[in-house]
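Participant: Structure below; questions to follow.
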Amino acid sequence: MTFPAWYDLTSDVVYGLRLVTLDTPDGLVRFMMNADATFIDIDGNAWTGCSLFAGGDDEYSVGGTAPSGQMSLTFFQDPGAADLVANVKAFGADYLAGRALVEWLQPIGCAEELTAPIVAPVKVMTRIMRKLSYSLNEDQTRSIILTYESRFEGRRSSRRRVWNEADHGALIGAANPSLRFVPQSFDNRQKLF
C-alpha cells in the first residue's frame with residue numbers, strides 16, 4: 001500500500017480535521033466539526049468551526065437494512081435571543097432535501113499547518129441530504145438533526161434481474177446468447193421426461 005506524500009508515518013504529529021460542506025440553495029456552507037475556530041484552507045476557503053455540530057457514526061448495513069446517517073447541532077436556547085429552530089424551520093422542509101453533503105479530511109502534519117496548511121482537503125464521501133428534524137426539551141436544550149442517505153442506500157430499492165440475455169448482459173457487460181433458451185416460467189404442468 002502506498003501513502004500520499006503528505007502522509008508521513010514517521011511524523012510525531014499526524015492529525016486530520018473533519019470538514020463538511022452543505023450544498024444549499026444559497027451556496028455552499030462550510031463547517032469544521034468538533035472545534036471552535038475558523039480554519040482557512042490552502043484555497044482560501046473559510047471553514048466555520050462549531051464544537052456543538054457533531055456527526056454520528058455511520059452504521060453498517062445488516063440484514064438488508066439501509067440505516068441513514070445523521071449530523072446534529074445541539075445547543076441551549078438563550079431565552080433573550082432569536083429562536084434558531086424557528087429560523088431554520090422558516091426555510092421550509094425541502095430547503096436541503098436532495099442536495100449534496102460532502103465530508104472532507106484536512107490532513108495536518110504538524111501544528112503550524114493549522115494556520116498555514118500545505119495540502120488541500122481530501123474528499124472522503126458525498127451523500128444526499130434527506131430531511132431536517134428538531135428536538136426540543138423543557139430545559140431549553142435544542143437539537144437540529146440533519147439526516148442523510150447511508151452508504152448502503154441502494155439496498156432500499158430492489159434491483160430486479162431476470163435470467164435472460166438483456167439483464168445478464170447489463171450485469172457483466174457482454175451478451176450471453178445461450179440464455180435465450182432459459183425458461184422464464186417455472187410452471188411445470190407438462191413433464192419434460
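The values are calculated or read from the model by the stated rules, or taken from the named source; none is laboratory data. Source: prediction; values computed, not measured. In this analysis, Cβ positions are derived from the backbone assuming ideal geometry, glycine residues included, and neighbour counts consider all displayed protein chains. The accessibility values were calculated without ligands, DNA or RNA, using every heavy atom of the protein model including side chains. Shrake-Rupley method; radii C 1.70, N 1.55, O 1.52, S 1.80 Å.
Participant: With the requirement that a residue be open to solvent by 30 Å² or more (accessible area, probe 1.4 Å) and within 12 Å of LYS123 (Cα to Cα), what does segment 17-31 give you?
Facilitator: Passing the criteria: only ARG18.
Participant: Residues in segment 92-103 that are within 18 Å of VAL20 (Cβ to Cβ) and open to solvent by 60 Å² or more (accessible area, probe 1.4 Å): how many? Spell out how you get there, then give the answer.
Facilitator: Of all residues in segment 92-103, those within 18 Å of VAL20 (Cβ to Cβ) come to 95-103.
With the extra rule that they be open to solvent by 60 Å² or more (accessible area, probe 1.4 Å), the set shrinks to 99.
Number satisfying all stated conditions: 1.
Participant: Could you check how many residues of segment 29-55 are within 20 Å of the chain's Cα centre (by Cα) and of a type in the set (Val, Ile, Thr)? Give the steps one after another, and end with the answer.
Facilitator: Taking segment 29-55 first, the residues within 20 Å of the chain's Cα centre (by Cα) are 29-35, 47-55.
After this cut, where a residue has to be of a type in the set (Val, Ile, Thr) as well, the list is 29, 48.
Total meeting the criteria: 2.
Participant: Which ones in segment 111-125 are surrounded by 14 or more Cβ atoms within 10 Å (Cβ to Cβ) and either within 13 Å of TYR15 (Cβ to Cβ) or of a type outside the set (A, V, I, L, M) (or both)?
Facilitator: Answer for segment 111-125, where residues must be surrounded by 14 or more Cβ atoms within 10 Å (Cβ to Cβ) and either within 13 Å of TYR15 (Cβ to Cβ) or of a type outside the set (A, V, I, L, M) (or both): GLU113, LEU114, PRO117, VAL119, PRO121.
Participant: OK, next. With respect to LEU84, determine if the residue is within 22 Å of the chain's Cα centre (by Cα), surrounded by 13 or more Cβ atoms within 10 Å (Cβ to Cβ), modelled with pLDDT of 75 or more and on the phi < 0 side of the Ramachandran plot. Before you say what the answer is, go through the steps one by one.
Facilitator: Numbers: within 22 Å of the chain's Cα centre (by Cα): no; surrounded by 13 or more Cβ atoms within 10 Å (Cβ to Cβ): yes; modelled with pLDDT of 75 or more: yes; on the phi < 0 side of the Ramachandran plot: yes.
Taking the combined requirement at face value, the residue does not satisfy it.
Participant: If you don't mind, there's one more thing I want to ask. Since LEU52 meets every condition but one in (1) of a type outside the set (S, T, N, Q); (2) under 19 Å from THR147 (Cβ atoms); (3) surrounded by 13 or more Cβ atoms within 10 Å (Cβ to Cβ); (4) at pLDDT 80 or above, which condition does it not meet?
Facilitator: For LEU52, the failing item is (4).
Participant: Give the number of residues within segment 89-136 that are outside any strand (DSSP E or B) and among the charged types (D, E, K, R). Give the derivation first.
Facilitator: Pass one, segment 89-136, residues outside any strand (DSSP E or B): 89-99, 109-121.
Filter again for among the charged types (D, E, K, R), leaving 89, 94, 99, 112-113.
So the count comes out to 5.
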